[in-house]
Structures are given as structure tokens and as C-alpha cells.
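The structure appears below as C-alpha cells.
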Amino acid sequence: MRFLGHVDSIEHIKELHCNSYAYIHGPHDGWNKPGFAESVGLRHNCILAHENAFNAEVLGDHGLLFRDAADLAAKIQLIEERPELAQDYRRRAPNRIRTFYNWDRIVDQYEELFYQLAAGEDPTQIHSSIREAEPQLANV
């Protein structure tokens, strides 16, 4: 394992993802969700992410969430001992991004929000019907 510090070249980042066994995404408050979503969308990654609302929303059950250093160590050991599990996460993770972070779904969510606002509803008090039901992918 190597800790490289901040890497800002997109080409270097892509190369790192392509040549990594797993990607570990630490605690964040949501400011880097697009970068994390991109990482999940790459078929090369088995994702281990800090367990928080933002990471859990993006990852779903398409990777592993860890609570602390001991839990992270256990999850790393798990995917090392069970490479087929890591491969399954790599294979499925891009479907999460294609399903939940596509323009049709985003537009539907905005449309629903605007209808709620126009009706005088408080959208922070109403669960989106679009968020609750996971769309089914065609056989990909």
C-alpha cells in the first residue's frame, strides 16, 4: 500500500485507478461527491468508503463501508482473502452510477422538486418518490 498524498492530474488519477486493487475513500462531508461518484463508476475499482451518509448514498451496496481503522483493516483483509468478492464489487459498481447519476433521473428529481415548490410543499419534509425506488437496468 502506498500513500501518495494529493494527486491532481486527471491522467494520473485515471492511471492509479486502473492499476489499483481497491480504492479507499476516507471521511468527507460531501464536498467531493462528484469525484467519489467517478471513482465508483470506474470498472477497475473495488471501493472501500468511510461510512457516512454521503458515501453510503453514492456507493449503495456496490462496495464496502467502514466505520474506523479497525473496520477498514478487516474489510481490506476480507477482499484480499476473497478476491471474487472484490471482483464482484468492481463489476457491479459502475451500474450504481449509471442507474442513480444519469441525466434522466436527475431531471426527474428536479421536476418533482419544482412541482413540490409550486404546490407550496416543503421538499425537505417529503421523501422523493424518485429516490425511493431504484430503477431497473436493462440487461447490460
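Quick note: the coordinates plus some simple rules give every number you see, no bench work behind them. Given the structure is predicted, the values throughout are model-derived calculations rather than measurements. Positions of Cβ are backbone-derived with ideal geometry, glycine not excepted, and every protein chain shown enters the neighbour counts.
Collect residues whose amide H, placed 1.01 Å from N in the peptide plane, falls under 5 Å from the amide H of His25; neighbours closer than 5 in sequence don't count.
Leu48, Ala49, His50
GluC sites (Glu not before Pro) within the stretch 35-121: which are DSSP loop residues with at most 13 other Cβ atoms inside 10 Å?
The qualifying sites are Glu121.
Under the 0.36 nm per residue contour assumption, what length would be gained going from the current alpha-carbon distance of Ser128 and Asp104 to full extension?
Taking Ser128 through Asp104 to full extension adds about 7.1 nm, to one decimal.
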